[in-house]
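Below is one structure; the comments refer to it alone.
Nothing in this text is a laboratory measurement; each read-out follows from the coordinates by a stated rule. If you're wondering where the values come from, they're calculated on a predicted model, not measured in any experiment. Because the Cβ atoms are built from the backbone with ideal geometry, glycine has one as well, and the counts that use them run over all protein chains shown.
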């Protein structure tokens, strides 16, 4: 294990046990930072198969099957994502590429094979629906921690797990789909167990829920989750399988050319 991971794990223990002498034991920013590392940055890279099930108010469903690749340049910092859709036919061949930055807007591109078009996703579009699901582009690749103010509220149980409850309020609400979010973060793994999204009018309109956490190669991993849109009565379930960490993904995989010509050896 790398030294930075040992230090991060020690910091997590100190936060949980209230042993941080340099500040308050329950610091919202520190807890949110640990969540981001646990959720978006586990290990150095990852490959996983993802199935999405989108169900509308009438019970009609659509499915999506894709492969997601992730490579970290620095924990909590620069990062690359590549997603390639395998099925059904209406989205087969569609690809999504993200270069995640700190302190500035991420670079995002979407390839639509039906039009043979590579579209750059603007900063304003990051909060729109991802592939027709109830997850936004920003939900998939994350959000810069410094875009929000994070306040610890309390500790309470979610099912059989203890959770830190943190309120993350957008510093620039006009540039976000939400005014604030409430996070329930597992005190043991720092993974999000539940997230409530609130509009500028204070209305709860979207809820994320973790349905299953498995330990894969020693790393706690969310393998089932659901996002519910309360306004339209629709929800999206995500199931993750075939998870492999530290597989040796190179920067060559995360190139704009991969949008049209996917790296065959990695998406099988």
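Here are a few things to note about the model shown:
- P(r) histogram, all alpha-carbon pairs of region 73-125 included - 10 Å bins from 0, percent: 24, 45, 25, 7
- The orientation-averaged shadow of the Cα convex hull for region 169-268, equal to a quarter of the hull surface, comes to 9.4 nm².
- Pairwise label distance in nanometres, residue 250 with residue 219, each label 7 Å out on the Cα-Cβ vector: 2.1
- Per-residue Cβ neighbour counts within 10 Å put 203, 47 in the sequence 203, 47, beginning with the fewest.
- Modelled spin-label separation between residue 232 and residue 154, with each label point placed 7 Å from Cα along the Cα-to-Cβ direction: 3.4 nm.
- Each of 266, 184 was scored by other Cβ atoms within 10 Å of its Cβ. Arranged with the fewest first, they read 266, 184.
- Taking only alpha carbon atoms, the chain gives an Rg to Rh ratio of 0.95, where Rh is the Kirkwood radius.
- Percent antiparallel among DSSP beta bridges (both partners in region 142-266, rounded to 5): 100
- Counting all C-alpha pairs of region 28-127, share separated by more than 22 Å (%): 43
- Least to most buried among 112, 35, 185, 68 (fewest other Cβ within 10 Å first): 112, 68, 35, 185
- Taking every C-alpha pair closer than 8 Å and separated by at least 6 residues, the mean separation divided by the residue count of region 88-234 gives a relative contact order of 11 percent.
- Normalised contact order of the chain, rounded percent, pairs of Cα under 8 Å and 6 or more residues apart: 19
- Length added when fully stretched, residue 116-residue 147, from 0.36 nm per residue minus Cα-Cα: 7.8 nm
- Coordinate range along principal axes, alpha carbons of region 165-217, Å, largest first: 41, 19, 17
- Segment residue 203..residue 74, full-extension length gain: 42.8 nm, with 0.36 nm per residue of separation and the alpha-carbon distance subtracted.
- Counting 0.36 nm for each residue step from residue 188 to residue 62 and taking away their Cα separation leaves a gain of 41.9 nm.
- Cβ-Cβ FRET estimate between residue 162 and residue 51, R0 fixed at 25 Å, reported to 0.05: 0.25
- Residue 261 versus residue 125: modelled label distance in nm, points set 7 Å from Cα along the beta carbon direction: 2.4
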